[in-house]
Amino acid sequence: MRKKIAAGNWKMFKTPQETREFLRAIKSLPPPSCEVVIAPTYLCLDAAVSESAGTFVQIAAQNCYSQNQGAFTGEISPAQLRASGVTHVILGHSERRHVFKESDQDINKKCNLALKEGLLPIFCVGEQLAERKTGQLRSVLEKQILYGLEGIDLPAADKFVIAYEPVWAIGTGETATPEDAQEAHAFLRELMGRTAGADFAQKVRILYGGSVKPGNTAALTAKPDVDGVLVGGASLDVDSFGQIIAAVRIQG
Ligand code: PGA
């Protein structure tokens, strides 16, 4: 059985002090039945790692660079993240793809190095509204997976996570229906079967992201191929993220 995950992507929100306060509150909740991952900004990783040590909360970075050191002003490397106690890294988030113009090739290089450094990638894919409306859902996901993971020696399936985040559902209040999510997740699992083998495909966790809230988490995670959620806005508030963690369905 695939252990489900509730992951919070804090984007460019919260100070180190606010990070500590949030983690103190969340770690005092009863131990959840799903894995819990929080992705604060780089600046708050240190506070998050020390505050979450020995608890059920794992810490992710929101991005990394594709080289481990050098003259790359403003960038942070996988080796630096690992040395700071970070265990996960979100890669290919739609804001990285569309606001910062990261290509599948950029994401591929980052993913390759992140894996070599022992970070667990949360590898994001998702289509834009116009692509969905013109019937390109599958071809967009296929391209993002095939180019993004090209030549990568994938680790054991429990050390790699995929997140399906339709761009039109991120931060818009518009969620994919559980059926839409299931259809995309089933396709992604089938695609992973073709590229990484049936065993990997059965074991890899695929999260849904895009306007996840306490009220829609149970229905989404009840679907057989939805193995958890990647939450933006609703992960910033302890009560709402706590409700999401509690609502993640253990079994479909
Ligand atoms: P949202 O963001 O939950 O605010 O829609 C999701 C994400 O960007 O991962």
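The values are calculated or read from the model by the stated rules, or taken from the named source; none is laboratory data. Fair warning: this is a prediction, and the values are worked out from it, not measured in the lab. Counting neighbours? That spans all protein chains shown, and the Cβs are built from the backbone with ideal geometry, glycine included. The accessibility values were calculated without ligands, DNA or RNA, using every heavy atom of the protein model including side chains. Shrake-Rupley method; radii C 1.70, N 1.55, O 1.52, S 1.80 Å.
In the chain, taking the dipole from charged Cβ atoms about the Cα centre, the farthest positive-side position among P224, V57, F13 is held by V57. Rounded to whole Å, the principal axis extents of the Cα atoms in the range 1-145 read 46, 39, 30, largest first. I'd like the distance between the alpha-carbon centres of the range 224-242 and the range 160-177, rounded to an integer number of Å. Using only Cα atoms to place each centre, the spacing works out to 11 Å.
Any idea how far the Cα center of the range 65-134 sits from the one of the range 1-59, in Å? If you average the Cα positions of each part, the centres end up 19 Å apart.
Per residue, the chain exposes 44 Å² of solvent-accessible protein surface, assessed with a 1.4 angstrom probe and all protein chains in place. By DSSP, what percent of the beta bridges with both residues in the range 110-236 are antiparallel, rounded to the nearest 5? Counting only bridges with both partners in the range 110-236, antiparallel ones make up about 0 percent.
Within the straight-line cut-off of under 19 Å between alpha carbons, the aspartates and glutamates reachable from K14 are D46, E51, E95, D237, D239, sequence neighbours fewer than 8 places apart in one chain being disregarded.
Determine the calculated [θ] at 222 nm for the chain from helices alone, applying -39500 (n - 2.57) to every DSSP H run no shorter than 4 residues and normalising by the residue count; nearest 500 deg cm²/dmol.
Working: 11 runs with 107 residues, N = 252.
About -12500 deg cm²/dmol.
Taking each of K110/K159; K3/K110; K101/K203 in turn, the alpha-carbon distance tops 23 angstrom for K3/K110; K101/K203. Computed from the C-alpha gyration tensor, the three semi-axes of the ellipsoid equivalent to the range 176-244 are 25, 12, 9 Å, from longest to shortest.
Remark: the chain carries a charge dipole of roughly 260 debye about the Cα centre, counting +1 on each Lys and Arg Cβ and -1 on each Asp and Glu Cβ. Legend: Rg and Dmax of the range 58-130, from Cα coordinates, 12.1, 41 Å. Overall, the accessible surface of the chain at a probe of 1.4 angstrom is composed of carbon and sulfur to the extent of 53 percent.
Assuming a viscosity of 1.306 mPa s and a temperature of 10 °C, what translational diffusion coefficient in µm² per second does Stokes-Einstein assign to the chain, Rh being the Kirkwood radius over Cα pairs?
Details: Rh = 17.9 Å.
Answer, rounded: 88 µm²/s.
If contacts are Cα pairs under 8 angstrom and at least 6 residues apart, what is the relative contact order of the range 5-247 in percent?
19 percent
What is the percent of Cα-Cα separations in the range 107-252 that go past 25 Å? Distances greater than 25 Å cover 26 percent of the Cα pairs. What residue among R205, R194, R20 has the largest mean-square fluctuation in a Gaussian network model of the chain, using Cα springs under 10 Å? With Cα springs under 10 Å in the chain, the top fluctuation among R205, R194, R20 is at R194. The orientation-averaged projection of the convex hull spanning the C-alpha atoms of the range 208-252 amounts to 2.6 square nanometres.
Strictly greater than 18 Å: what percent of every Cα pair in the range 109-162 meets that? The calculated P(r) of the range 109-162 puts 37 percent of pairs beyond 18 Å.
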